[in-house]
Amino acid sequence: MLEGYHVDQTRMACLGQPPSTVTDAYAAMLDVQGKVFDALRPGTPWEDMYQLATDRAAELGYADVFMGQGREQVKFVGHGVGLELDEPPVLAPKLRAPLAANMTLAIEPKVALPGIGIVGIEDTVVIRETGVERLTICSPEMIVVE
């Protein structure tokens, strides 16, 4: 928190070497997050970012577990961050309002792997005219504790 403003981030940590299903899923979520970062521009509808993320997750083979499973599958991939940890906008279907310069967003692609749990990443960025500025400074690498 800085002067009352939040950032939101998630990092993965494993005790011992994770199985390839976890490292593959984590790499896929980094890929999804990168695609969203590349597309975040002023004027883009909120729902387009959600659709981009779900499409990319499906291309990578994670459609059924992206952002949860079954009835537990949530329909968003990011949200605003500011004075509150979770604020509008919500990057979700049917929300057509445009993104604006200087909006601060947390992008959080995750998958729910059966028998394992949630695997994902979350970073906070500011939308600029030419792209995003990352506010979270921790390395995105998975932490492995031996």
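The values are calculated or read from the model by the stated rules, or taken from the named source; none is laboratory data. Everything numeric in this text was worked out from a predicted model, so none of it was measured. Methodologically, a virtual Cβ is constructed for each residue, glycine included, from the backbone with ideal geometry; neighbour enumeration extends over all protein chains shown.
A few remarks follow.
- For region 1-54, a residue qualifies if it is touching a strand residue (DSSP E or B) at 6+ places or on another chain (Cβ under 8 Å), assigned to a helix (DSSP H, G or I) and without any contact (Cβ under 8 Å) to a residue 60 or more places away in the chain, and the qualifying residues are Trp46, Glu47, Met49, Tyr50, Ala53, Thr54.
- Any hit, region 31-48, residues being under 16 Å from Glu133 (Cα atoms), of a type in the set (S, T, N, Q) and either modelled with pLDDT under 95 or surrounded by 17 or more Cβ atoms within 10 Å (Cβ to Cβ) (or both): yes
- Remark: pairs (first residue in region 62-87, over 17 Å from Ala106 (Cα atoms) and touching a residue at least 40 places away in the same chain (Cβ under 8 Å); second residue assigned to a loop (DSSP other than H, G, I, E, B) and charged (D, E, K, R); Cβ separation under 8 Å; 6+ apart in sequence or on different chains) are absent.
- Check on Asp123, closer than 30 Å to Gly16 by Cβ, of a type in the set (D, E, K, R), part of a strand (DSSP E or B) and touching a helix residue (DSSP H, G or I) at 6+ places or on another chain (Cβ under 9 Å): yes
- Across region 42-81, the number of residues qualifying as under 15 Å from the mean Cα position of the chain (by Cα), over 16 Å from Ile118 (Cβ atoms) and hydroxyl-bearing (Ser, Thr, Tyr) comes to 2.
- Counted residues, region 97-128 - those being under 8 Å from the mean Cα position of the chain (by Cα) and small (Gly, Ala, Ser): 2
- The single condition among (1) in contact with a helix residue (DSSP H, G or I) (Cβ under 9 Å, 6 or more places away or on another chain); (2) part of a loop (DSSP other than H, G, I, E, B); (3) more than 13 Å from Thr10 (Cβ to Cβ) that Ala100 does not meet is (1).
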